[in-house]
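Reviewing the structure listed below.
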Amino acid sequence: MTGTKKLYVKTYGCQMNVYDSERMAEALGADGYEQVDTPEGADMILLNTCHIREKAAEKVYSELGRLKPLREANPDLKIGVAGCVAQAEGEEIMRRQPMVDLVVGPQTYHRLPKMMEALGRGEKALDTDFPEEDKFAHLPKDRRAKRGPTAFLTVQEGCDKFCSFCVVPYTRGAEVSRPVERLLREARDLVERGVREITLLGQNVNAYHGAGPEGGEWGLARLIRTMAAIDGLERIRFTTSHPNDMEDDLIAAHGDCDKLMPYLHLPVQSGSDRILKAMNRKHTAGGYIRLIERIRAARPDLALSGDFIVGFPGETEADFQATLDLVAEVGYASAYSFKYSPRPGTPAAERAQVDPAEADDRLQRLQALITSQQRAAQDAMVGRRVSVLFEKPGRMPGQVVGKSEYLHAVHVQGDADLIGRIAAVDVVESGPNSLAGLLV
Ligand code: 5AD
Ligand code: SF4
């Protein structure tokens with residue numbers, strides 16, 4: 001191990017990719033690679049890609065084009081493509097962009113060290129299998145390396161729901177839950193390294209059903225309750241969930257598990273039952289609203305977040321209006337909205353598409369409503385006391401920033417030794433992207 005080779009990882013897309021990038025950097029760390037912040041001067045560049053919406057693959061090709069001069073300047077530079085575009089495009093990537101040395105799909109990161117050996121022999125490496133084994137189990141870990149106060153932990157991957165717009169069941173494959181013991185070990189390990197808040201990740205995280213330590217399967221609520229017993233772990237979050245997997249025990253945990261934060265990302269996608277059916281969501285708008293009522297009964301101050309798609313094939317103005325109505329009724333602390341993007345290989349891509357100008361217009365109207373709701377929810381925090389886990393220095397001298405239990409960014413005047421600690425803060429001001437507060 002020389003420790004002198006430089007690795008640059010660029011991550012696109014979701015938090016699961018962020019987690020995967022960290023694991024890949026750790027795996028390559030054992031090969032003597034040290035992570036750097038810029039591609040210039042790197043010995044290896046890894047693009048961890050996303051395929052969820054429009055032109056994702058095109059973005060990867062243009063990024064590869066931008067890397068060309070670096071490769072010309074340094075013929076020993078290795079270039080790899082990982083993630084969902086790698087899975088979806090496979091060999092096509094190497095065909096279109098011959099300077100790519102390595103293509104690795106999201107399920108085979110544990111084979112990276114072997115693939116690197118092939119690269120060392122001047123060969124190319126491609127692996128987009130869906131193997132049986134746990135891709136994280138084999139990755140070497142540097143157990144001493146300090147971590148920041150927050151971390152992601154992937155507990156479940158893949159999806160069996162097959163919403164008609166979504167590539168995830170194809171790129172990430174069938175739903176697989178990691179065993180409980182392994183997750184508890186990883187969580188304890190993170191806490192020992194300084195982590196205070198863990199966000200449990202999965203494409204369908206509340207469908208978690210991992211093997212328990214004494215046989216049998218555990219659901220997400222049981223995993224959360226058990227993890228909550230880890231000393232030094234102060235906060236637990238989870239994302240992303242499907243309404244149909246919000247089981248009673250998980251709803252109850254929002255009311256009685258102190259370490260589970262009052263924030264829930266629960267996408268509904270549309271407020272129109274006709275469109276929900278065409279999306280193969282298997283729930284109605286009314287069912288979603290009743291579910292939210294039950295979760296709020298367990299945790300009245302819950303901050304809710306969601307995802308919406310506008311311009312789905314067949315969406316009329318009346319369907320879109322139903323989405324606006326649902327947003328108005330639910331009241332989101334934050335929400336993400338996207339224009340429908342046909343994904344090759346998914347059922348909805350074959351259907352007649354909504355006029356793009358109309359879809360743009362709907363997106364703007366929905367975003368205006370969401371932004372005003374978000375603004376109002378954030379402004380309403382002024383005068384309230386929140387608890388903040390401080391994560392890093394702020395932009396101004398003497399500032400530290402962190403997140404409230406509701407996931408607002410909050411900054412205060414305070415010492416850097418607050419970082420990694422939770423403190424009570426009185427909110428005094430609501431800015432464009434964050435709250436300002438005073439330490440109590
Ligand atoms: N077009 C637009 N948005 C999509 N999403 C998933 N697939 C598509 C698509 N084909 C959105 C959904 C999902 C989020 C992660 O991305 O809202 O919840
Ligand atoms: Fe995609 Fe989520 Fe639907 Fe699964 S539940 S198909 S990940 S949108």
Considering only region 211-235, state which residues are of a type in the set (A, V, I, L, M) and out of contact with any Leu (no Cβ under 9 Å at 6 or more places or on another chain). A211, A229
Working carefully through the options L250, L291, find the one that is in the same structural domain as W218 (by TED's automatic domain parsing), more than 14 Å from ligand 1 (Cβ to nearest atom), among the aliphatic types (A, V, I, L, M) and modelled with pLDDT of 95 or more. L250
Looking at the structure I just gave you, is G90 surrounded by fewer than 17 Cβ atoms within 10 Å (Cβ to Cβ) and within 26 Å of the chain's Cα centre (by Cα)? yes
Just wondering, is there one or more residues in region 290-298 that are surrounded by fewer than 21 Cβ atoms within 10 Å (Cβ to Cβ), within 16 Å of ligand 2 (Cβ to nearest atom), outside any helix (DSSP H, G or I) and not basic (K, R)? no
When region 70-86 is checked residue by residue, the ones that are more than 24 Å from G120 (Cβ to Cβ) and not β-branched (V, I, T) are C84
Matching entry among R225, R274 (being basic (K, R), within 30 Å of G311 (Cα to Cα) and at pLDDT 95 or above): R274
Filtering region 43-77 down to residues that are basic (K, R) and assigned to a helix (DSSP H, G or I), which residue is nearest to K6 (Cα to Cα)? R71
Considering only residues that are under 18 Å from D379 (Cβ atoms) and away from ligand 2 (no atom under 16 Å from the Cβ), look in region 328-341 and name the one that is nearest to the chain's Cα centre (by Cα). S334
Those residues of region 145-159 which are under 17 Å from K403 (Cβ atoms) and in contact with a Pro (Cβ under 8 Å, 6 or more places away or on another chain), in sequence order: none
Picked from region 262-276 (must be assigned to a helix (DSSP H, G or I) and touching a strand residue (DSSP E or B) at 6+ places or on another chain (Cβ under 9 Å)), the residue farthest from ligand 2 (Cβ to nearest atom) is I275
How many residues, within region 342-370, are at negative phi and either within 16 Å of ligand 2 (Cβ to nearest atom) or in contact with a His (Cβ under 6 Å, 6 or more places away or on another chain) (or both)? 7
Out of the residues in region 311-362 meeting the condition of being aliphatic (A, V, I, L, M), surrounded by 19 or more Cβ atoms within 10 Å (Cβ to Cβ) and under 25 Å from H408 (Cα atoms), tell me which one is nearest to ligand 1 (Cβ to nearest atom). A335
Out of F320, F338, I need the residue that is over 15 Å from H242 (Cα atoms), part of a strand (DSSP E or B) and not β-branched (V, I, T). Which one? F338
Which ones in region 188-211 are of a type in the set (K, R) and free of Cβ contacts under 8 Å to residues at least 60 places away in the same chain? R188, R193
Scanning region 20-42 for residues that are away from ligand 2 (no atom under 16 Å from the Cβ) and in a helix (DSSP H, G or I) gives S21, E22, R23, M24, A25, E26, A27, L28, G29
Within region 418-428, identify whether any single residue is within 22 Å of Y332 (Cα to Cα) and buried (at least 18 other Cβ atoms within 10 Å of the Cβ), and answer yes or no. yes
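Residues are listed down the side, and each one gets a yes or a no for (1) under 30 Å from P342 (Cα atoms); (2) at pLDDT below 90:
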site: S21; (1), (2): yes, no
site: G41; (1), (2): no, no
site: L47; (1), (2): yes, no
site: A56; (1), (2): yes, yes
site: P69; (1), (2): no, no
site: Q87; (1), (2): yes, no
site: I93; (1), (2): yes, no
Somewhere in region 245-257, is a residue surrounded by fewer than 17 Cβ atoms within 10 Å (Cβ to Cβ), within 16 Å of ligand 2 (Cβ to nearest atom) and part of a loop (DSSP other than H, G, I, E, B)? yes
Name every residue in region 299-316 that is within 16 Å of ligand 2 (Cβ to nearest atom), under 22 Å from A207 (Cβ atoms) and among the aliphatic types (A, V, I, L, M), in order of residue number. I309
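The values are calculated or read from the model by the stated rules, or taken from the named source; none is laboratory data. Being a predicted model, the structure only gives us computed values, none of them experimental. Heads up, the Cβs are rebuilt from the backbone with ideal geometry, glycines too, and the neighbour counts pull from every protein chain shown.
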